[in-house]
Amino acid sequence: MGQGIQTALINQSTIKKYVDMDKAIELIRKTYAGMGDGTTKNPRKITLDLGEFDPYPTHDGFLNAMPAYIGSDTVAGLKWVGGIAGERRAADLPFIFGVIVLADPRFGGFKAILDGQYITNVRTGAQTAVAIDYLFAQPSISIGMFGTGEQARQNLDAISRVIEINHLKIWNHRTESAEKLKEDMADLIKGDIEIVDPSKPQDACDVDVIITLTLAKDPIIQPEMLTPGTVIFPMGSYQEISDASILRADRIIVDHKDQALHRGALKPLFDAGELKEDDIQQTLPEIALNGLDQPLGDDIALCIPIGVGATDVVIANYVYEQAMANGDIDNTFDLEA
């Protein structure tokens with residue numbers, strides 16, 4: 001019996017050697033182009049509810065299975081990622097955790113298992129930045145950031161690399177967390193950084209771009225808060241933007257139609273029959289190939305890069321190839337032995 005494929009174990013510290021935000025942005029562009037031309041396959045993610053919405057079990061979280069095939073790299077992969085807001089948060093651990101498994105689609109077998117937490121955070125920021133770069137032709141924008149966690153930091157870092165942020169408004173229910181984000185982001189923002197009163201979220205909405213990255217399960221963004229020409233990115237896994245706000249939008253853009261209708265902000269309206277697939281005007285992979293159908297102008301636009309497994313697999317495979325080329329893999333094992 002022949003020897004099985006050796007499976008590499010790659011930890012977060014090794015991943016950080018090879019992927020910074022600029023590289024992540026480059027790889028996200030590659031991913032959207034591949035999805036657009038059909039060389040990348042990305043089924044809808046499957047969610048295991050661990051108490052996120054269902055009453056049982058009561059762990060206040062979820063796990064997502066996110067498979068993809070990347071034709072340009074001849075690799076298949078799966079991200080198994082979750083978020084736990086219960087005991088994990090009580091233990092002062094980051095909300096997001098996960099692993100990414102890379103498979104060889106020619107011979108079978110698993111090439112590598114990588115930490116998924118850092119890749120998830122960096123690609124979440126990178127995909128927002130790429131989307132903003134697709135949508136805006138102007139040299140600078142203002143941002144209203146709802147949430148102050150790691151993904152808020154990654155988003156602002158990434159966006160600042162593709163367009164100047166001339167004004168940042170930060171809303172969070174804890175003012176001290178907003179102050180810490182302001183301090184951390186001071187070197188990235190060219191203009192003013194303003195902390196918004198937690199009781200007045202509307203004060204963070206008179207901007208070019210609204211980004212929501214909170215754990216709120218009740219809507220924060222209401223239709224009367226929105227102004228013409230604003231693009232809203234509801235990036236959290238929960239219902240941070242009201243259904244009425246979604247229905248007010250003139251244009252809806254997503255990264256993956258099927259997935260966006262079954263997870264995140266659009267799901268309740270789709271389940272209720274009030275939103276159809278035809279209500280989504282474009283996808284980011286379509287824009288990557290052909291550009292916007294028409295400029296945004298004064299449209300209120302909703303852009304939902306909810307996150308596709310292909311972006312994680314592309315980044316993970318890049319790390320694997322770099323680590324192999326540099327002899328930077330210490331641990332391997334043979335699953336088929």
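Being free of Cβ contacts under 8 Å to residues at least 60 places away in the same chain, surrounded by 16 or more Cβ atoms within 10 Å (Cβ to Cβ) and not in a helix (DSSP H, G or I) narrows it down to one of I252, I232, so name that one.
None of the others qualify; the one that does is I252.
Inspect all residues belonging to the stretch 171-190 and state whether any of them is surrounded by fewer than 24 Cβ atoms within 10 Å (Cβ to Cβ) and closer than 22 Å to I300 by Cβ.
Checked against the condition, which is being surrounded by fewer than 24 Cβ atoms within 10 Å (Cβ to Cβ) and closer than 22 Å to I300 by Cβ, the stretch 171-190 yields no hits at all.
Taking the conditions exactly as written (without any contact (Cβ under 8 Å) to a residue 60 or more places away in the chain, part of a helix (DSSP H, G or I) and either in contact with a strand residue (DSSP E or B) (Cβ under 9 Å, 6 or more places away or on another chain) or surrounded by 21 or more Cβ atoms within 10 Å (Cβ to Cβ) (or both)), does I246 satisfy them or not? Reasoning before the result, please.
Values: without any contact (Cβ under 8 Å) to a residue 60 or more places away in the chain: yes; part of a helix (DSSP H, G or I): yes; either in contact with a strand residue (DSSP E or B) (Cβ under 9 Å, 6 or more places away or on another chain) or surrounded by 21 or more Cβ atoms within 10 Å (Cβ to Cβ) (or both): yes.
For I246, the condition - without any contact (Cβ under 8 Å) to a residue 60 or more places away in the chain, part of a helix (DSSP H, G or I) and either in contact with a strand residue (DSSP E or B) (Cβ under 9 Å, 6 or more places away or on another chain) or surrounded by 21 or more Cβ atoms within 10 Å (Cβ to Cβ) (or both) - is met.
Go over the candidates I15, I70, I10 one by one and state the one that is more than 14 Å from G116 (Cβ to Cβ) and of a type in the set (A, V, I, L, M). Quick ask: steps written out before the conclusion?
Details: I15 fails: more than 14 Å from G116 (Cβ to Cβ); I10 fails: more than 14 Å from G116 (Cβ to Cβ).
Going through I15, I70, I10 in turn, just one is more than 14 Å from G116 (Cβ to Cβ) and of a type in the set (A, V, I, L, M): I70.
Residue check, F110 against (1) crowded, with 18+ Cβ neighbours inside 10 Å; (2) closer than 23 Å to P305 by Cβ; (3) not aliphatic (A, V, I, L, M), all met but one. Which one?
The one condition F110 does not meet is (2).
Quick check on my filter: what residues within the stretch 36-65 are closer than 20 Å to H262 by Cα and among the acidic types (D, E)?
Passing the criteria: D49, E52, D54, D60.
T39: more than 15 Å from Y118 (Cβ to Cβ) and either of a type in the set (D, E, K, R) or modelled with pLDDT of 95 or more (or both), yes or no? Explain how you work it out, then say what you get.
Numbers: more than 15 Å from Y118 (Cβ to Cβ): yes; either of a type in the set (D, E, K, R) or modelled with pLDDT of 95 or more (or both): yes.
Spelling it out, T39 is indeed more than 15 Å from Y118 (Cβ to Cβ) and either of a type in the set (D, E, K, R) or modelled with pLDDT of 95 or more (or both).
In the stretch 139-163, what residues are in a loop (DSSP other than H, G, I, E, B), touching a residue at least 60 places away in the same chain (Cβ under 8 Å) and either over 15 Å from the mean Cα position of the chain (by Cα) or crowded, with 20+ Cβ neighbours inside 10 Å (or both)?
G147
Mind checking which pairs have a first residue in the stretch 85-109 that is free of Cβ contacts under 8 Å to residues at least 60 places away in the same chain and a second that is part of a strand (DSSP E or B) and aliphatic (A, V, I, L, M), Cβ under 6 Å, 6 or more apart or different chains?
G98/V81; V99/I113; V101/L78; V101/I113; A103/A76; P105/A76
On the given criteria, is K23 modelled with pLDDT of 95 or more, surrounded by fewer than 17 Cβ atoms within 10 Å (Cβ to Cβ) and under 16 Å from the mean Cα position of the chain (by Cα)?
When the stated conditions are applied, K23 passes them.
Of all residues being among the aromatic types (F, W, Y) and not in a strand (DSSP E or B) in the stretch 311-337, which is nearest to I25 (Cα to Cα)? Just the residue, please.
Of the residues in the stretch 311-337, the ones among the aromatic types (F, W, Y) are 318, 320, 333.
Narrowing further to those that are not in a strand (DSSP E or B): 318, 320.
Values: Y318: 13, Y320: 18 Å.
Here the answer is Y318.
Restricting to the stretch 280-289, count the residues that are free of Cβ contacts under 8 Å to residues at least 60 places away in the same chain and either in a loop (DSSP other than H, G, I, E, B) or surrounded by fewer than 17 Cβ atoms within 10 Å (Cβ to Cβ) (or both).
Adding up the residues that qualify gives 2.
Taking the stretch 278-337, which residues are more than 28 Å from V19 (Cβ to Cβ) and more than 24 Å from the chain's Cα centre (by Cα)?
Q294, G297, D298, E336, A337
The values are calculated or read from the model by the stated rules, or taken from the named source; none is laboratory data. Quick caveat, the model's predicted, so the values are computed rather than measured. All Cβ positions, glycine included, derive from the backbone under ideal geometry; neighbour counts span all protein chains shown.
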